[in-house]
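For reference, the structure is listed below as structure tokens.
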Amino acid sequence: MSKEDLLLKNINGDKPFPICFDDLEKAVAEKIPVGPYGYVRSGAGGEQSLRNNRNAFAKYSIVPRFLTDVSNPDTSIELFGKKHPTPFLFAPVGMNKMAHEDGELAVVRAAEKLDMPYIQSTVSSYALEEVAEAAPNHTKWFQLYWSTNEEIAYSMASRAEKAGFEAIVLTVDTVMLGWREEDVRNQFSPLKLGLARGNYVNDPIFTSTLKDDSFEAYVEGVLANIFHPTLNWDNVRELKRRTNIPVLIKGILHPEDARLAVEAGVDGIIVSNHGGRQLDGVIGSLDALPSIAEVVKDRVPVLLDGGVYRGIDVLKALALGATAVCVGRPFVYGLAYDGEHGVYQVMQNLYSEFKVSMSLSGQRTIAGLRDITLVRE
Ligand code: FNR
């Protein structure tokens, strides 16, 4: 057997590809400059929240069942009346041009091929209308950052609705920027580099507030609007009134906030600590999930993100009450590594591992995952 034959090729890939998150992270560290790499990789402060996300998964072990005929697994789920073949979504991640010139356009095309819903960030490099055009028939949701001038927020939400986005995801944990030491160390501010222009420069309300059409005026305008410490439940209720598509809230960690969200009429919750990038020292998303699922009682879907880097993590999240999961850094690394193909490959590998794990746990359906026995250290 030749050395070439002995090389471990990706199970599903058409060319060699880093097989797990750690391999991919290492490969990307060598591929892109330290500023963007540090921006994607890091968490806030001393990175306790970032570590908590991964550690939360490691605390759980699965006690599998056997002899259950797992020859025909069904990994499909339903969200807002629509069937999806997998329980994976793309988490909203801003400024994708820092990973690859094709940015969000490459990501949404890969998401379409995988048939996994795509959530576009407010601070994307490409405008929501451009993303819609790149994958007009694919399920897309729009993540909304509130604006100090709230008419900008409503304008973006209505543009998204008009462009065919099927839900609004209001992120509530970013009322101001987290304490990001890595970016200070690297003196890297993608906002100031203009990487978040897409949705702003195409917004008639936003542009009407600028003093001129210079780059400086745009950056000043974004910085004046993007952090919004006054955000409160009245804003959520008003957004619900002004929107005809489902509204989800992203960034919930406390069960009491989950209860208030359902009372405010939101259509879904994303349990998230923003990938450990906002408040440092917070609970890992998976550790926050069970008490939130208990309060919500399946009245609305409960999604989870943060540290979902293996197929087996999805099993644990769904066993603990999540309806589906969102994935962040893995697809961004895939994008940096090999554009659209990289995104496709990393998500395909995650899904393949999930599917195998589901069968090996003895379950045939997503609903069955709730019956998995987990032990917690
Ligand atoms: C994010 N995240 C994020 N969230 C959001 O609501 N709007 C945004 O624009 C961004 N931007 C963003 C950029 C980068 C580089 C990262 C890594 C993350 C948070 C994201 O949606 C998600 O909550 C986390 O990424 C989930 O954690 P993992 O999967 O990265 O561990």
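The values are calculated or read from the model by the stated rules, or taken from the named source; none is laboratory data. What you are looking at is a predicted structure, and each value in this text was computed from that prediction instead of being measured. Cβ coordinates were reconstructed from backbone atoms using ideal geometry, including for glycine residues, and neighbour counts include every protein chain displayed. These accessible areas exclude ligands, DNA and RNA; they are computed on the full protein's heavy atoms, side chains included. Shrake-Rupley method; radii C 1.70, N 1.55, O 1.52, S 1.80 Å.
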Checklist entry - Among the residues of segment 330-341, is any more than 11 Å from the ligand (Cβ to nearest atom), among the charged types (D, E, K, R) and closer than 30 Å to Thr373 by Cβ? => result no
Item to check | Of residues in segment 301-315 being under 14 Å from Ile77 (Cβ atoms) and among the β-branched types (Val, Ile, Thr), the one nearest to the ligand (Cβ to nearest atom) | outcome: Val314
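May I ask you to list the residues in segment 139-168 that are under 17 Å from the mean Cα position of the chain (by Cα) and either more than 22 Å from Pro85 (Cβ to Cβ) or open to solvent by less than 40 Å² (accessible area, probe 1.4 Å) (or both)? Step through it out loud before you land on a result.
Step one: of segment 139-168, the residues under 17 Å from the mean Cα position of the chain (by Cα) are 139-145, 165-168.
Across segment 139-168, the qualifying residues are Thr139, Lys140, Trp141, Phe142, Gln143, Leu144, Tyr145, Phe165, Ala167, Ile168.
Does Leu374 satisfy the criteria of being of a type in the set (A, V, I, L, M) and crowded, with 19+ Cβ neighbours inside 10 Å?
Details: of a type in the set (A, V, I, L, M): yes; crowded, with 19+ Cβ neighbours inside 10 Å: no.
Spelling it out, it is not the case that Leu374 is of a type in the set (A, V, I, L, M) and crowded, with 19+ Cβ neighbours inside 10 Å.
Please find, among Leu289, Leu279, the residue that is open to solvent by 10 Å² or more (accessible area, probe 1.4 Å), modelled with pLDDT of 95 or more and touching a Gly at 6+ places or on another chain (Cβ under 8 Å). Break it down stepwise before answering.
Values: Leu289 fails: open to solvent by 10 Å² or more (accessible area, probe 1.4 Å).
Of the residues listed, the single one that is open to solvent by 10 Å² or more (accessible area, probe 1.4 Å), modelled with pLDDT of 95 or more and touching a Gly at 6+ places or on another chain (Cβ under 8 Å) is Leu279.
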Checklist entry - Exactly one of (1) farther than 15 Å from Glu151 by Cβ; (2) modelled with pLDDT of 95 or more; (3) in contact with a Phe, Trp or Tyr (Cβ under 7 Å, 6 or more places away or on another chain) is unmet by Gly194. Its number? => result (2)
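For residues that are part of a helix (DSSP H, G or I) and touching a residue at least 40 places away in the same chain (Cβ under 8 Å), scanning just segment 201-218, find the one that is least open to solvent (accessible area, probe 1.4 Å). Please lay out each step first, then the result.
Kept after step one, since they are part of a helix (DSSP H, G or I), are these residues of segment 201-218: 201, 204-208, 215-218.
From what is left, the residues that are touching a residue at least 40 places away in the same chain (Cβ under 8 Å) are 201, 204-206.
Numbers: Val201: 59, Pro204: 83, Ile205: 62, Phe206: 1 Å².
Among them, the one singled out is Phe206.
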Checklist entry - Could you list, in sequence order, the residues of segment 82-113 that are over 15 Å from the mean Cα position of the chain (by Cα), open to solvent by less than 20 Å² (accessible area, probe 1.4 Å) and either among the hydrophobic types (A, V, I, L, M, F, W, C) or within 11 Å of the ligand (Cβ to nearest atom) (or both)? => result Ala99, Ala106
Checklist entry - Residues in segment 127-138: is at least one in a loop (DSSP other than H, G, I, E, B), under 14 Å from the mean Cα position of the chain (by Cα) and under 22 Å from Pro36 (Cα atoms)? => result no
Checklist entry - Which one is least open to solvent (accessible area, probe 1.4 Å), of the residues in segment 242-265 that are part of a loop (DSSP other than H, G, I, E, B) and either within 24 Å of Glu182 (Cβ to Cβ) or without any contact (Cβ under 8 Å) to a residue 60 or more places away in the chain (or both)? => result Ala264
Next on the checklist: Of everything in segment 139-151, what is touching a Leu at 6+ places or on another chain (Cβ under 9 Å), assigned to a loop (DSSP other than H, G, I, E, B) and among the polar types (S, T, N, Q)? Give them in sequence order.
Outcome noted: Thr139
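This table checks each residue for (1) part of a helix (DSSP H, G or I); (2) closer than 22 Å to Gly45 by Cβ; (3) among the small types (Gly, Ala, Ser).
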{"position": "Leu286", "(1), (2), (3)": "yes, yes, no"}
{"position": "Glu294", "(1), (2), (3)": "yes, no, no"}
{"position": "Asp298", "(1), (2), (3)": "no, no, no"}
{"position": "Gly307", "(1), (2), (3)": "no, yes, yes"}
